[in-house]
Every structure is written in C-alpha cells, then in structure tokens.
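What follows draws every value from the coordinates through simple rules; no lab data is involved. This structure is a prediction, so every number in the text was calculated from the model and none was measured. Cβ: placed from backbone, ideal geometry, glycine included. Neighbour counts: every protein chain shown.
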C-alpha cells in the first residue's frame, strides 16, 4: 500500500523537468587514514554494501497511480539494490582536482527520473 508523500516532496517531483532539473548534488572530500591503501578503501566499501540495512525511505520509490488518485506517494521496492545507489568510482592516475570536478559534472548532469529511487551516492 503506497504511503502518502509530503506536499514538499510532491512539489519537488512536480517541478522537475528536463529543462528544470531539481536534483541536488554535493561533493565531500575525505583523507584516508595514514597507512591505508586503495585495497583498504575498496574493502571498506564492499563491507558497507554487504551491510544491507538501508533506511526505509531509501527502500521506497515515488509512484503515481489510480490507487493514489494520481497523487505522488511512496511505495516499497522489493527489488531494491543498494549497489545502484552507492557506487565506487575512481579517477585515472594522476587524477587531480580537475578530473574530479569533471566526473562530478558528468554524474550530476544525468537527469533523474521519478520512477527510480531518489538517492545516489558515488
């Protein structure tokens, strides 16, 4: 049974279009602990993916149907795949700030779709 969506969330989805994307992006930079290697980072990422206890909202997707009278609502997604939402991307060597910002620009330029989940971390 779909759950009601807040008016703010509904307006966000209604306002989004190809010409006016409403998704938000961010960039956080972290320093790895001293003595860690790329394989340590990958192992931590793999461990996080193996812990499939994502918050309930991340396991839902927006929907509109006859049962919601055409209004936006949240529905459970039994096919939820954490690997779709959390991905590991690495820059080619030497991989400086310019390459990082180019990657961010490329990832953020992809249009979102209301039929898919509303969250992604790369």
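What order do you get for 18, 61, 87 when you list them from fewest to most C-beta neighbours inside 10 Å? Could the numbers behind the result be given before it?
Details: 18 6, 61 17, 87 12.
Going from sparsest to densest Cβ surroundings: 18, 87, 61.
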- prompt: For 69, 49, what ranking results if the residue with the fewest other Cβ atoms within 10 Å of its Cβ goes first?
  reply: 69, 49
Label point 7 Å beyond Cα of residue 8 along Cβ direction - residues of the range 63-82 with amide nitrogen under 20 Å: 63, 72-75
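Taking R0 as 22 Å, what FRET efficiency do you get between residue 18 and residue 99 from their Cβ-Cβ distance, rounded to the nearest 0.05? Can you show the working numbers first?
Values: r = 27 Å, r/R0 = 1.24.
The value I calculate is 0.20.
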statement: Helix 38-50 sits off the longest principal axis of the Cα atoms of the chain, rounded to the nearest 10 on a 0 to 90 degree scale, by 20 degrees
task: Among 20, 85, rank each residue by its count of other Cβ atoms within 10 Å, from fewest to most, as a rough exposure measure.
output: 20, 85
message: Let me check the size of the chain from its C-alpha atoms; what are the radius of gyration and Dmax in Å?
response: 17.6, 57
